[in-house]
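The values are calculated or read from the model by the stated rules, or taken from the named source; none is laboratory data. Since this is a predicted model, take the numbers as computed values, not measurements. Cβ coordinates were reconstructed from backbone atoms using ideal geometry, including for glycine residues, and neighbour counts include every protein chain displayed. The accessibility values were calculated without ligands, DNA or RNA, using every heavy atom of the protein model including side chains. Shrake-Rupley method; radii C 1.70, N 1.55, O 1.52, S 1.80 Å.
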Amino acid sequence: MFVQSASATLEDHPYISDPGTLIEGFENVSDWTVAGTGATAENDTSIFKEGSQSIKFDAVNGTYSTLTKTVSLNLSSGDGISIWVYIVDKTKLNSIGLRIASVTNWSKYFYYSWSVPLENGWNYFIVSKSEFTNTNSESWDNTMVRLRIILSLKTGQDATVYFDDLRFGIVGQPSEVVSDSIVLDTSSKEGTVLPEIETGVLETETPSGEKPITEMTIKELKDKIAEIQQQIIELLKQLIQLIQEQIVQLNSKK
Ligand SMILES: [Ca+2]
């Protein structure tokens, strides 16, 4: 799971080459059944990501509330489900869940929920099929007939959340784009070389024995990105330490 904060656009995700196929545009509130005491849903044409509107969902008094739609979805091949969620006040929420079933009575289903970090404003959620919890042996090979969105509120709280642009089949960027090396040039302009730091070239080419980036699942891709981020942090730490040492040396010469 990851969540992208308020002002996110797809341009913020350079490793996504295909944003997938639209499977739900939230263009008609009458397609959805609301459950949860006091909860209401309505069309909203002021805050939306796709088409001409989103669906605005109001849940009240800490009540676990749901929006459910009858669908007919083949999610058997491909991976990566994404949704845009606009949160008015994240402090009111415990989590936002997505449930998918091939049966009408929910005797089996896939479930995933996003909790922290939620952001006020637009959130871009992506989840891979393998990250869903499977209850009672649901299968992605089945045709899915029910889609449910679940708002879990903090005790006694009211919350407003907008939903739009549910997609399936997110594809990662080809490796030649993802694998741009980041090089820390540690030589000074005068041609002298600062001491005791390795030139930091991030090894983003596929090491032997590791799966090529183009063949990774969404989850593997996200893990890889986290690993690269950690490498960048380590290099920055080295650089900061080096600068601190230089400052100490300069001060000692005064
Ligand atoms: Ca829409």
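Considered as a group, the residues in region 32-46 that are buried (at least 16 other Cβ atoms within 10 Å of the Cβ) and of a type outside the set (Gly, Ala, Ser) include one that is nearest to ILE150 (Cα to Cα), and that residue is VAL34. For SER52, are the conditions met, namely being in a loop (DSSP other than H, G, I, E, B), of a type outside the set (A, V, I, L, M, F, W, C) and under 22 Å from the mean Cα position of the chain (by Cα)? Judged against the criteria, SER52 is not a match.
When restricted to residues that are closer than 26 Å to GLU131 by Cα and aliphatic (A, V, I, L, M), region 40-91 contains 9.
If you go through region 235-254 and keep only what is surrounded by 12 or more Cβ atoms within 10 Å (Cβ to Cβ) and closer than 30 Å to ILE16 by Cβ, you end up with LEU235, LEU236, LEU239.
If you check GLY78, GLY51, GLY25, GLY20 for being within 30 Å of THR217 (Cα to Cα), within 16 Å of the ligand (Cβ to nearest atom) and open to solvent by 30 Å² or more (accessible area, probe 1.4 Å), only one passes: GLY51.
To keep it simple, each residue is scored yes or no on (1) at pLDDT 95 or above; (2) under 18 Å from ILE55 (Cβ atoms); (3) under 16 Å from the mean Cα position of the chain (by Cα).
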site	(1), (2), (3)
GLY78	no, no, no
VAL88	yes, yes, no
ARG99	yes, yes, no
ASN105	yes, no, no
TYR112	yes, no, yes
SER115	no, no, yes
